[in-house]
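The structure appears right after this line, and notes come after that.
What follows is calculated from the coordinates using simple rules that are stated; it is not laboratory data. Please read all numbers here as calculations on a predicted model, not as lab measurements. Backbone-built Cβ (ideal geometry, glycine too); neighbour counts: all protein chains shown.
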Amino acid sequence: MEGSKRNSTVSSPPDGGGGSGIGRAVCQRLASEGASVVVADISEESANETLGSLPTDLRGQVHLAAAVDVSSKESVKKLVTSIQTHYFQPPSVCVNAAGITQDDFLLNMEEEQFDRVIQVNLKGSFLVTQAVAQALVACGAPKGSIITLGSIVGKVGNLGQVNYAASKAGVEGLTRTAAKELSRFGIRCNCVLPGFISTPMTEKVPEKVINKMMSLVPLGRIGEPAEVADVCAFLASDDSRYITGVSIEVTGGLFIG
Ligand code: NAP
């Protein structure tokens, strides 16, 4: 997001997860601050639902919805090109919120379950970060902010999530490396690590597991998507202009220390 938060092009697309949960909350938060938002998701219908929820009354904002599969290089490239066609510039902010789970214990997990989660969560973050960074560098943009969604699970592991934990640990390493390589172009890269947040992704978790987890959260409750979006908005803005290559936990204190 531009420092002034005016006439900025924000994309939650390359993030692909703009149609649900955290990605949707990020789109709403950034739009409420005056950004033009591109909502992208593998489901165009979900992206359009988010689009319909965005405020449009501020400073001539133009929001768009688009379909993207973040695990496909061709699809991500097409999206970034279409953003540039519409706004005559690449997104100055990009939040990668697309993500999936396909849980099973290590002893039972099929190779396809492992591969698909890596493709969407890790390779998707790579493709999106690369495409947006290439576009920003090519047009000589003075700055950019790329935000990835990791997970506290990438740090501490979680039963039944060997694929997901590996993908999210990878996202952190990718983000730190991108931060080192892209800082000379004025592009900052940071990672947000949510704990347990109330979204369609966590609706699949059995209630007894949620209850057990909640007993471990010092703040004593599940998080809201808006609470993750607040941190993304900070990392998108100039308020965080001297911050790059970090991971910020948004967990209510889960697993501190
Ligand atoms: P969510 O509600 O399921 O949203 C994820 C979105 O990504 C969905 O709209 C999904 O579409 C979309 N998506 C899936 N595959 C895609 C692809 N190949 N290309 C583009 N979009 C795709 O999940 P969430 O909880 O908001 O999660 C957002 C991010 O935060 C994820 O990276 C997740 O791993 C991370 N996170 C979440 C939590 C949590 O507690 N919720 C905790 C830690 C980290 P469909 O619904 O159509 O599949």
Report task. For the chain, build the charge dipole from Cβ charges (+1 Lys, Arg; -1 Asp, Glu) around the Cα centre, then report which of His86, Gly195, Thr244 sits farthest towards its positive end. Result -> Thr244
Requested in this report: Could you give the size of the charge dipole of segment 7-248 about its Cα centre, using +1 on the Cβ of each K and R and -1 on the Cβ of each D and E, expressed in debye and rounded to the nearest 20?
Outcome: 780
**Report entry** Point-to-point label distance, Gln134-Leu216, nm (Cα→Cβ direction, 7 Å offset)
**Finding:** 4.0
Query raised in the report: How much length is gained on full extension from Gln84 to Asp104, taking 0.36 nm per residue of separation minus their Cα-Cα distance?
Result: 3.2 nm
Report summary line: Phi angles of segment 213-219, converted by Karplus (6.51 cos²θ - 1.76 cosθ + 1.60, θ = phi - 60°) into ³J(HN,Hα) in whole Hz with x for Gly and Pro, give 4, 4, 5, 9, 8, x, 7
Report task. Principal axes first, then extents: for the Cα atoms of segment 35-169, list largest minus smallest coordinate on each axis, whole Å, largest first. Result -> 53, 32, 26
Report task. Please list, in chain and number order, the residues 5+ apart from Ser145 or on another chain whose amide H is under 5 Å from its amide H, with Hs placed from the backbone. Result -> Val93, Cys94, Arg188
Report task. Treating only the Cβ atoms of Lys and Arg (+1) and Asp and Glu (-1) as charged, compute the dipole magnitude of segment 135-257 about its Cα centre; round to the nearest 20 debye. Result -> 340
Query raised in the report: If the viscosity is 1.567 mPa s and the temperature 4 °C, what Stokes-Einstein diffusion coefficient in µm²/s follows for segment 7-248 when Rh is the Kirkwood radius over Cα pairs?
Result: 73
Query - Net lengthening on full extension, Phe255/Asn48 (0.36 nm per residue, minus Cα-Cα) - result: 70.9 nm
Report summary line: Among beta bridges assigned by DSSP with both residues in the chain, the antiparallel ones amount in percent, to the nearest 5, to 5
**Report entry** Gap separating the Cα centres of segment 182-239 and segment 43-70, nearest whole Å
**Finding:** 22
Query raised in the report: Arranged from highest to lowest average of other beta-carbon atoms within 10 Å per residue, in what order do the peptides 140-153, 22-35, 241-254, 196-209 appear?
Result: 22-35, 140-153, 241-254, 196-209
Requested in this report: Could you calculate, for segment 107-191, the ratio of the Cα radius of gyration to the Kirkwood radius, expressed as Rg to Rh?
Outcome: 1.07
